[in-house]
1. Enter the Cα centre distance for the pair the range A:145-196 and the range B:98-112, rounded to the nearest angstrom.
2. Quick check on the range B:92-296: what are the equivalent-ellipsoid semi-axes from the Cα gyration tensor, as sqrt(5λ), descending, whole Å?
3. May I ask you to list the aspartates and glutamates whose Cα is less than 16 Å away from that of A:Lys230, ignoring any residue fewer than eight positions away on the same chain?
4. I'd like the Karplus ³J(HN,Hα) series for the range A:33-42: coefficients 6.51, -1.76, 1.60, θ = phi - 60°, whole numbers in Hz, and an x wherever there's a Gly or Pro.
5. Which whole number in µm²/s is D for the protein assembly as shown by Stokes-Einstein, with the Kirkwood Rh taken over Cα pairs at 4 °C and 1.567 mPa s?
6. Among B:Trp216, B:Gly127, B:Tyr201, which residue has its Cα furthest toward the positive end of the charge dipole of the range B:92-296, with +1 on Lys/Arg Cβ and -1 on Asp/Glu Cβ?
7. Keeping the other protein chains in place, figure out the carbon and sulfur percent of the accessible area of chain A, with a 1.4 Å probe.
8. Between Rg and the Kirkwood Rh of the range A:107-173, both from Cα atoms, what is the Rg to Rh ratio?
Amino acid sequence: MTRSAGRTPTASTGRGASPGAAPSDAARVVVSQGRVNYGDLTVFEGIDLTVKDREIVSIVGPSGCGKTTLLRCIDGLTRLNSGTVTVDGKPLNGPMPGVSMVFQHFGLFPWKSVYNNVAYGLKLQGAPKEQIEETVPKYIKMVGLAGFEKSYPHQLSGGMQQRAGLARALAVEPQVLLMDEPFSAIDAQTREILQFELLRIWEQRPIAMLFVTHSIDEAVLMGDRVVVLKGRPSRIHEVIDVGIPHPRTRDTLSTPRFHDVKGHVWDLLMQEVIAAERQVG
Amino acid sequence: MTEQPQIHAGAGAGRPVSAPSAGLGSAATEAVPLPGEPSGPGQAVPPGERRRERRRPPDWLLRTLAGVALLALWELAARALGSDFVARPTAVAQAVPEVFATEKFWQDAWATIWSVIEGVVIGAVAGTLLGLAMGRIRLVRWFFTSYVSALYTLPMVAVVPLMTIWLGYTSETRLVAVALSAFLPIVVTTADGSRSIPKEYLDVARTFRAKVHNIWFGIALRNAIPYLIAGLQLAIARALVTAVAVEFLAGVPGLGYSILMQTRSFQQNEAFVGVVLLTVFVVGTRALLTLARRRFLPWYGR
Ligand SMILES: Nc1ncnc2c1ncn2[C@@H]1O[C@H](COP(=O)(O)OP(=O)(O)OP(=O)(O)O)[C@@H](O)[C@H]1O
Ligand SMILES: [Mg+2]
């Protein structure tokens, strides 16, 4: 397996992070030699992945290659069959405080209002009332849902529901945010709006973020690095340094650098698709 | 039996539908009601239904007219027979003021209805707890499933004579029988409702490190509420059948017993007033439950 750094040299490139903040290299999440198998099916193996503080890592790969499984392992919902995951240096033993997840289908409780959905994590932590009353409106406002506190999920559009899902994940003020195709169930226009809003939110409080997506554009736009999973069982095929400084805007999409990286990721993924077609054919 | 609450067909809202009866195989005698899946924006309306709504007069009017027509038919048939032993709707209506004026009628009605309320409350609380446990703990489910479904299919009337041996010809017998017959449908529906939690809810809860009691009472129970409401509708109807049956079989005073007595002494119009009151009670509680569901669970189908 090639583990070349793509077209750019070392890590830490391009991450100007938020203006004024010095990039920090503290590793938030470290996966080493991760392997998961379900019976005879080995989903992935030999996964070595580090996500540093203030870093967004995108994960792309063909359907079924284990992106969701990998994220769940880092969230503590699934166990690795071998290898280790550490968060802030502590080996994972079930879900950890400081790690939050945004779900593909939002995972909002239909019987709770937006406010109570967003407050869910804090309440489970036993946060004091004053803290909840201060934090929840702040994040509802941050994701642009002010005025919808009392609404129920079924009264909101998909985009708004995911805004609530994001606010819920952020309200516990995590150090690590995991996102599993967060915008895949949302229409294209709203999706674009949410991508940039997420980047704005991240710039206000840059944390370690893992972002799984099927969209190459989205992976390159969001990610400081793009991890390409490939093969059966899948492994990390390549890690590409995107090397585009933050803040990223719509203009980023038309830079030559964006175009190059996107083309490179596309090539990597298509090799696999073409190979698969040949096998079938 | 008339105890099937409306079934709210779930139009695919993007979530797998799990039939609440699957777990217990209890659908042998009665269809266990399926609470509606959340009605998403994509819920399909059958084309016929839309058309009907536009052209025909309102539903309630049609239903009332149909009812009146049936009563008229009955009246005509009874008159044609010319027998005094066949009750007529007009005669029953005439008997109403007189019956309503007697204190005993209300005492009896209250005795029966109160035992149903008490029994359903006891059965619902116990049934919800066991149902939750069966839904969440595999061992409990494994142990109870066959017993619950066996008891569920057993007509409670069959054990009433035995109960009178243990508890006597008393209102306690009625309460126990009523509570038991309310308990079983609640267990079945709650078990299914607390078992069929969308997986993502549990992932969310675990991500935020929810404790077991948070999952049981914060998620499983909440998820089971529409199932519980469907179970309650079944439970109330079953409980009433049992209450009346115990009164018949054990001679416990109540509306059922007085209906029996009145029938035996050919006061059939008076007896019918009692029957109508019991029907009104069941229909009324059912309407209340439907209202509660619409009010408190607006994301479920209507
Ligand atoms: N609980 C499970 N039991 C058995 N197999 C599973 C389980 N969960 C996942 N798998 C298998 O593991 C593989 C990886 O699944 P995963 O959902 O992680 O893929 P993915 O990369 O997220 O796919 P997609 O892009 O379609 O979301 C699949 O082949 C899937 O069938
Ligand atoms: Mg996935």
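1. Here the answer is 59 Å between Cα centres.
2. 38, 20, 11
3. A:Glu45, A:Asp48, A:Glu238, A:Asp267, A:Glu272, A:Glu277
4. Here the 3J(HN,Hα) series is 6, x, 9, 10, 9, 10, x, 7, 7, 8 Hz.
5. Rounded to a whole number, D works out at 46 µm²/s.
6. Positive-most Cα among the choices belongs to B:Tyr201.
7. Solvent-exposed carbon and sulfur of chain A make up 52 percent of the total.
8. Taking Rh as the inverse mean 1/r over Cα pairs, Rg/Rh reads 0.93.
The values are calculated or read from the model by the stated rules, or taken from the named source; none is laboratory data. Computed from a prediction, not measured in an experiment: that's the story for all the values here. Cβ atoms come from the backbone with ideal geometry, glycine included; neighbour counts cover every protein chain shown. Calculation scope for accessible area: heavy atoms of the full protein, side chains included, ligands and nucleic acids excluded. Shrake-Rupley method; radii C 1.70, N 1.55, O 1.52, S 1.80 Å.
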